[in-house]
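The values are calculated or read from the model by the stated rules, or taken from the named source; none is laboratory data. All of these numbers come straight from a predicted model, not from anything done at the bench. Backbone-built Cβ (ideal geometry, glycine too); neighbour counts: all protein chains shown. Heads up: the accessible areas ignore ligands, DNA and RNA and are worked out on the full protein's heavy atoms, side chains in. Shrake-Rupley method; radii C 1.70, N 1.55, O 1.52, S 1.80 Å.
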Amino acid sequence: MSEETGTSTANLDVTPYPGFLLADKRTESTFDEIPVIDIAKAYTGDTSARRYLADQIRDACVNVGFFYGDARPVEILRMLTNAPSMLTHFEVKGHRIPEETIERTIDASKQFFSLPDAAKTELDIHKSANSKGYTALLGENTDVTGNGDLHEGFDMGYEPKNPSDTASQTPNASKSAMSGENVWPEGLPEFRDAVLEYYHSALDLGRTLFPLFALALDLPENWFADKTTQSAAIMRLLHYPPQNPTKVDEGQIGIGAHTDYECFTILWQDKAGGLQVKNTSDKWIDAVPIPGTVVVNLGDQFARWTNDVFKSTPHRVINRSGHERYSIPLFFGTNYDVLLEPISTCVYPDSTPKYEVVSAGDYVKSRLEATYAHSATK
């Protein structure tokens, strides 16, 4: 008998269940650490290695330790989709984003955030029709119970590294309220090149992960391919001033508790740390920076697409380090016109969709509008 669900598995038929519901390793539902996954072999043609990686990713995304191998597929899936205890953050090494590219981008980020406020607000995000540009300190309020977030940011989307490269794939080129050109600061001649170099490296990593997520969901590797031809890929440069480590106002922290909007996020963070992930015991777990890794966490689009088989986990940042904190999240989603309907492997015959069907673009737009609403008229 499962404590959480009250479902007996003793008399259920022993039936092979879908691959993405199997797990080589299970951990406690109320996780207390973030797993590390080496994806180096994702760049090879080794089918068995890719399957192994997909299994690891699946276990990080569907991490419930109390299910046993006797249950029927429908019962397993029903318990998974009703269970509130999914671990959806993991650290990735072997990601192929060059260290010199990271260092160059962080240097560019520091230069930008060191500019006078007047220069930065020339690129104010509220002047943009597509949520590109600069967000001032306290300009966001990701947790509606908070009083603004203690960070400033610079947002950008897809752009070819070479402006004359018209043959290149152009995500976000489809007509959408989120589509459109980036804005760039004047007086920082190396800023655009440095930022775009990192962006395209992280974009390549995201394209490498999508087939692994497909395998983890018991889908063909190319299942996401036609849904990510113009994939949403918004990147942010973020700067967090230090907070007094002994006197933190929970209503005003680096970034309030929230979930991300897209399929998944690729995050580089510096050694200041401060990222925390919430488990089902309402305990905040530190996602400690590990050199040579990036953090990957699932977002709302995957939660909606999988009918909550993959969860979008709340997280926040409190910079108690006493130093400036810099990070670079890239939010990887689908084409904006894709409808977020439950994937076939993530529903069972009598299941009920947990979310209203909406296009990916409309969902992201609505979340961004809510995040920036409190500073829109300031």
**Q.** Among residues of the range 232-270, those that are within 26 Å of Val36 (Cβ to Cβ) and among the small types (Gly, Ala, Ser), counted
**A.** 3
Q | Cross-chain or 6+ apart pairs with Cβ under 8 Å, the range 273-289 first and on the phi > 0 side of the Ramachandran plot, then open to solvent by 20 Å² or more (accessible area, probe 1.4 Å) and not in a loop (DSSP other than H, G, I, E, B) | A | Gly273/Asp286
Q | Number of positions in the range 242-265 that are in contact with a Pro (Cβ under 9 Å, 6 or more places away or on another chain) and either open to solvent by 20 Å² or more (accessible area, probe 1.4 Å) or among the charged types (D, E, K, R) (or both) | A | 4
Q) Restricted to the range 188-211, and to residues that are over 20 Å from Lys227 (Cα atoms) and open to solvent by 50 Å² or more (accessible area, probe 1.4 Å), which residue is modelled with the lowest pLDDT? A) Pro189
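Look at Arg304 and say whether it is open to solvent by 30 Å² or more (accessible area, probe 1.4 Å), in a helix (DSSP H, G or I), basic (Lys, Arg) and touching a residue at least 40 places away in the same chain (Cβ under 8 Å).
Numbers: open to solvent by 30 Å² or more (accessible area, probe 1.4 Å): yes; in a helix (DSSP H, G or I): yes; basic (Lys, Arg): yes; touching a residue at least 40 places away in the same chain (Cβ under 8 Å): yes.
Considered against the rule, which asks whether it is open to solvent by 30 Å² or more (accessible area, probe 1.4 Å), in a helix (DSSP H, G or I), basic (Lys, Arg) and touching a residue at least 40 places away in the same chain (Cβ under 8 Å), Arg304 comes out as yes.
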Q. Considering the range 104-158 alone, what residues qualify as being in a loop (DSSP other than H, G, I, E, B), free of Cβ contacts under 8 Å to residues at least 60 places away in the same chain and buried (at least 20 other Cβ atoms within 10 Å of the Cβ)?
A. Asn130, Lys132
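Which residues, taken from the range 229-259, are among the small types (Gly, Ala, Ser), closer than 12 Å to Thr142 by Cβ and not in a loop (DSSP other than H, G, I, E, B)? Write out each step before concluding.
Start the filter on the range 229-259 by keeping residues that are among the small types (Gly, Ala, Ser), which leaves 231-233, 251, 254, 256-257.
Filter once more, so that each one left must be closer than 12 Å to Thr142 by Cβ: 254, 256-257.
Correct list: Gly256, Ala257.
I'd like the residue in the range 341-364 that is open to solvent by less than 70 Å² (accessible area, probe 1.4 Å) and assigned to a helix (DSSP H, G or I) and, out of all such residues, is nearest to Asn141 (Cα to Cα). Write out each step before concluding.
Filtering the range 341-364 down to residues open to solvent by less than 70 Å² (accessible area, probe 1.4 Å) leaves 342-343, 345-348, 351, 357-361, 363-364.
Filter once more, so that each one left must be assigned to a helix (DSSP H, G or I): 345-346, 360-361, 363-364.
Values: Thr345: 36, Cys346: 33, Ala360: 22, Gly361: 21, Tyr363: 18, Val364: 16 Å.
This residue is Val364.
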**Q.** Check on Ser312, over 20 Å from Tyr199 (Cα atoms) and open to solvent by 30 Å² or more (accessible area, probe 1.4 Å)
**A.** no
Q: Tell me which of these Gly333 doesn't satisfy, since it passes every other one: (1) surrounded by fewer than 18 Cβ atoms within 10 Å (Cβ to Cβ); (2) within 16 Å of the chain's Cα centre (by Cα).
A: (1)
